[in-house]
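Visitor: Structure incoming, see below.
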Amino acid sequence: MKFAKLLEIQFQGYFLCRLATDPDPTNEQSGVSGYTMALVHEDPLDQVIRTQIDPDFAEKNLREPAQRMKIRVGVDVCGVTFDGVTSATAARALHGAKVSLRGKTPPFDGPIFDSRNNTVGSDDNMMFVVNPFELEIRGEHVVIEATDHLDPTDPTRQIWQIEDPSVYSRRLPTAFQPNSQAAAAAIRVFDGYAYFRDRRRFLEQRIGELEAERARGGNRAGLDARIEAMRTRIYQLELWGDRVIGKLFFQLTYSFNINGPQRIAGAEHLGGEVDYDHPWPVTFWFGAWDGDLLTGYMQGTLGIPFQPAPAP
Amino acid sequence: MSAERPKPPKITTKAQLIAALQEASEIEQQLMIQYLYAAFSLKKRPDERCTAAQYEAVRRWGSTLLLVARSEMEHLALVNGLLSALGAQPWFSRENIPRQSRYLLTRNMAPFKAPGHEVTPCDIPFVFERFNLETIQRFVCAESPSYPSLVQSGDPIPWWCFGTKERPCAGAALAGAAAYPPSRSHLLPLLAAPAAAASPDAEGIAPGTIQELYDEIQAAIHRLPAAELFTGDPSRQVFVPIEYQINIFPITGVESADVALELIVEEGEGIDAPPDYQSHFRRFYDIRTEMVALLAADPGFEPSLPLPMNPSQDKIKNEVACELSELFNFTYATLLFLLTSLYRNFQPAASQTAYPYFSLALQEAAFGPMMTMLIRPLAEVMAHTSSGDGDHTTGPSYHLSPKDLLRLEQPDHPQLQDINFFLDRFATIVTMLDRLDRTRGAGGLAAAAREEGDLPLIDRQLRFIYETATAIGNNLRRIYQIGELPQFIVAPSS
C-alpha cells in the first residue's frame with residue numbers, strides 16, 4: 001500500500017545530555033578542559049542523550065536550580081494531526097506518550113551526539129550525528145518504534161568503521177541556527193547574558209548558604225564538596241563566557257526518512273491503517289542548550305503514512 | 001657571577017632572526033609538553049588522599065594547565081607563522097627533556113639590584129615531573145617576568161624564583177638533584193665568531209631571558225628592511241578561527257608580526273597587560289597559592305598520580321606500559337611531522353579545488369583528532385598504567401629519536417610531501433593499538449593497571465583510541481582524494 005498523507009506526531013520537551021565538550025576528548029568522563037564536567041557527587045559524563053529520566057537520576061544529576069526553574073526533563077507527544085488537521089482518535093491514543101531515543105553505540109550506553117572531535121562529525125561546525133537513532137514513542141496503549149541505520153547495507157557497521165562518510169551524511173544536521181527564535185521561545189528565555197548572570201548570582205548565594213550551614217556544624221566533607229562544585233560551575237561560566245551563553249539560542253535541525261524497521265504495537269488505537277512499507281519521515285531539532293545544567297530542548301515531528309478508518 | 005652583564009648584541013641579519021625564531025619555537029614546545037606532562041598526571045577522581053572538595057580544585061588546576069598548554073601551542077603556531085612569513089622553513093624540532101634552557105640559566109641573567117640586596121634569578125630546568133608544589137613553583141618561575149617588571153607592575157613576587165645572599169636559590173627544589181645538559185643554540189654561532197662561540201663566556205652575549213629573546217626578535221623585525229624580511233607567500237599562512245582561547249592569525253608584515261609577538265609576551269608573562277590580567281604567570285601563581293593553602297589544611301593531600309620524573313622507556317619493566325610508551329612517542333612524532341608538512345605546504349581550504357587535497361587532509365587530522373583524541377587519551381592511559389618499577393606509573397617522555405629529529409629539521413624532505421608517508425605512520429599506529437586491543441580482549445590489562453579501579457578507564461580508552469585512530473587514518477586518505485568530507489561543511493542556516 002502507498003499512503004501519501006501523513007499522521008504527524010509532534011513531540012517536544014527538555015532533554016538532558018551529560019556530554020564532554022571540546023577540547024576534552026569525546027569520551028572524557030570527568031570533564032577537565034571543556035566547559036562541561038561531572039561534579040563529584042554526580043555520575044560520570046556518559047554522553048548519552050536522555051529524553052526521559054527517573055527521579056533517582058534527576059536527584060543525582062539534574063543540577064539546581066533546574067527544579068526551581070520548573071525544568072522537567074521529558075520529551076512528550078504534544079499533538080497529533082492527520083494531513084495537517086488534528087486527529088482526535090490518534091491524539092487520544094498518544095496523549096502524554098513519552099518519546100525516547102533507544103539503543104547504544106559502544107562504548108556509550110545510549111545514543112550520543114557523535115563527532116569524536118572532528119573525526120566522524122564536526123564539533124567546530126556542530127555537525128553531530130545522533131547515533132544510534134532508535135525512536136520510541138510509548139503511550140498507554142500504543143508503542144511506536146522506528147530505527148534508522150547509518151549504513152542500511154550493513155546495519156552492524158559502527159560509525160568509525162564507515163570509510164565513506166557520505167553514506168551517513170543524511171544523518172548530519174540539515175540546518176544550524178545560532179540565534180533561533182524557536183529555541184528562545186521554547187525555553188522562554190530571550191536574554192542569554194541576564195540568564196547566566198542570574199545563574200552566577202544564584203550559585204554565589206548558594207555558596208553563602210552552604211558556608212553558613214557548615215559554620216553551624218553541618219557535614220563538613222559533604223558541604224565542602226558541594227561548595228567547591230559550585231565554585232567550579234562559576235569558574236566554567238567565567239572561563240568560557242560567550243561560548244556557554246551563545247549555545248542558549250542555537251538550533252540544530254535534522255531531517256531524514258527512516259530506513260530501518262518500523263513497528264507499532266496497538267496500532268488499532270490510532271484509528272486507521274499504517275503503511276509500514278515505506279520510510280517514515282522524521283524532522284526534529286535539538287537546541288536551547290544550557291551548558292551549566294546540561295539540559296536543552298527537543299522538538300520534532302514523526303510522520304507515518306496513514307489512512308484513517310472510514311467514519312462509522 | 002659578575003654583577004653586571006653586557007647588553008646582548010642586536011640581531012642584524014635575517015639568518016640570525018630565523019635562528020632566534022627557531023629557538024623560540026623550541027622553547028614554546030618544551031614548555032608546552034612540560035605543562036601537558038603535569039596536567040596528565042592529575043587525578044581523574046577523588047581517592048583516599050584527595051577528597052571530593054580537593055578534587056574540584058584539582059580539576060580547575062587541570063583546566064588551567066591545559067589552557068596554558070593550548071596557549072603555548074598558539075605561541076608555537078605563531079612563531080612558525082612568523083617563520084613562514086619570512087619565507088623560512090617551519091621548525092617543530094626541539095631537544096629532548098630534561099634540559100637546562102640557556103634562557104632560564106642564572107649566569108645568563110644579570111642579578112637585579114633591589115633596595116638593600118641583590119636579587120638573582122634561579123636556574124629553572126626543563127624537566128618532566130608530576131604535578132606537585134615543586135612543579136607548579138617551577139612553572140611560575142618559567143613564566144615569571146623579570147624582577148624589575150614585577151616590581152613595576154605591582155604583581156606578587158614569586159620569591160622562590162629569585163635568590164638573595166640571605167636566601168640563596170633553593171637549588172635542589174627547583175633544579176632537581178642533577179645538573180641537566182644545556183640547551184643548544186641556533187643563534188649563538190651566528191652572533192659570534194666560531195672560536196668565541198665555543199667559549200663559555202659566549203653564553204653571556206646572547207639574549208639571556210625568554211622575554212629578552214622576544215624583545216630582540218621584535219626589535220629586529222623593525223630594524224631590518226621589511227621588503228627583504230617578509231618574502232613568504234601571505235596567502236599560505238596557517239589560520240585557525242578563534243576558539244578555546246587560541247588565536248592563530250595570518251602574519252604578513254611588521255604590523256601583524258608585532259601583534260603576534262606582543263600577544264606571546266602578554267599571555268605568558270603579562271607584559272604590558274591590563275591590570276589583573278590572567279597571564280600564564282598569574283594563573284600558575286594563583287594555583288600555587290591555592291595548593292599551599294590546601295596542603296596547610298591537609299598535609300596528606302596528593303593531587304597527582306605517581307608518574308616518574310624524566311621518564312625513559314628503558315626504565316619501564318611492564319610490557320604493556322612499554323608498548324604504550326613506544327606508541328605515544330611514535331604518535332607524537334607523527335603529529336610533529338604532520339605540523340611540519342602542514343606549515344610548509346599550507347593552502348587555504350577555499351583555494352584547494354582539485355585533487356590532491358594534501359594540505360586539507362593534514363589540517364583536518366592535526367588538531368582535534370590527533371591532539372585531543374589520540375595524544376591526550378594515550379597519556380592519560382599511561383598515567384594509570386604501572387611502569388613495573390614498583391613505585392611509578394608511566395609518563396610520556398615525548399622522546400624524539402635522532403631519525404625523528406633529522407626529519408623534522410628537513411621540512412623539504414620528499415617524505416614529508418607524500419601522503420603515503422603519513423598513511424603508513426597511521427597504519428603503524430593502528431597496528432600497535434590493535435596489538436594492545438588484543439591484550440585488552442585477552443584480559444591482559446589487569447596486570448598493567450596501577451590499581452583495580454583504573455582498569456575500566458584503561459580498557460575503555462584503549463578500545464576507543466583504536467577506533468578513532470582507524471577513522472582518522474581513513475579520513476586522511478579520503479580527504480586527500482576527494483576534498484572536504486560532508487561533516488566538515490557548515491550546514492546552512494534555516
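The values are calculated or read from the model by the stated rules, or taken from the named source; none is laboratory data. Not measured: the values here are computed from a predicted model. Don't worry about glycine lacking a Cβ; one is built from the backbone with ideal geometry, like all the others, and counts go over all protein chains shown.
Visitor: When residues of segment A:64-89 are filtered for being farther than 21 Å from A:Leu101 by Cα and either in a helix (DSSP H, G or I) or not charged (D, E, K, R) (or both), how many remain?
Guide: So the count comes out to 12.
Visitor: While we're here: Anything in segment B:313-338 that is of a type in the set (Ser, Thr, Tyr) and closer than 18 Å to B:Phe40 by Cα? List them, or say none.
Guide: The answer is B:Ser325, B:Thr331, B:Tyr332.
Visitor: Can you pull out the residues in segment B:39-77 that are of a type in the set (S, T, N, Q) and either assigned to a helix (DSSP H, G or I) or modelled with pLDDT under 95 (or both)?
Guide: Matches in segment B:39-77: B:Ser41, B:Gln54, B:Ser63, B:Thr64, B:Ser71.
Visitor: Moving on. Do the conditions hold for A:Gly96, that is, is it outside any strand (DSSP E or B) and within 20 Å of A:Gln52 (Cβ to Cβ)?
Guide: Criteria met by A:Gly96.
Visitor: Let me ask you something else. With the condition kept exactly as written, say whether any residue in segment B:77-87 is within 14 Å of chain A (Cβ to nearest Cβ) and crowded, with 21+ Cβ neighbours inside 10 Å.
Guide: no
Visitor: So which residues in segment A:261-278 are buried (at least 18 other Cβ atoms within 10 Å of the Cβ) and outside any strand (DSSP E or B)?
Guide: A:Ala267, A:Leu270, A:Gly271, A:Asp275
Visitor: Okay, next question. Here is a check on your reading of the model: is A:Asp224 within 25 Å of the chain's Cα centre (by Cα), within 14 Å of chain B (Cβ to nearest Cβ) and within 30 Å of B:Arg45 (Cα to Cα)?
Guide: It is false that A:Asp224 is within 25 Å of the chain's Cα centre (by Cα), within 14 Å of chain B (Cβ to nearest Cβ) and within 30 Å of B:Arg45 (Cα to Cα).
Visitor: Just name the residue that is surrounded by the most Cβ atoms within 10 Å (Cβ to Cβ) out of those in segment A:138-195 that are away from every other protein chain (no Cβ under 14 Å) and among the hydroxyl-bearing types (Ser, Thr, Tyr).
Guide: Ranking the candidates gives A:Thr147 first.
Visitor: Could you tell me which of the residues B:Ala366, B:Ala349 is within 14 Å of chain A (Cβ to nearest Cβ), in contact with an Asp or Glu (Cβ under 8 Å, 6 or more places away or on another chain) and at pLDDT below 95?
Guide: Only one candidate passes the filter, namely B:Ala349.
Visitor: If you don't mind, there's one more thing I want to ask. Based on what the data block shows, is B:Ser63 under 23 Å from B:Ile136 (Cα atoms) and either without any contact (Cβ under 8 Å) to a residue 60 or more places away in the chain or in the same structural domain as B:Ser185 (by TED's automatic domain parsing) (or both)?
Guide: For B:Ser63, the condition - under 23 Å from B:Ile136 (Cα atoms) and either without any contact (Cβ under 8 Å) to a residue 60 or more places away in the chain or in the same structural domain as B:Ser185 (by TED's automatic domain parsing) (or both) - is met.
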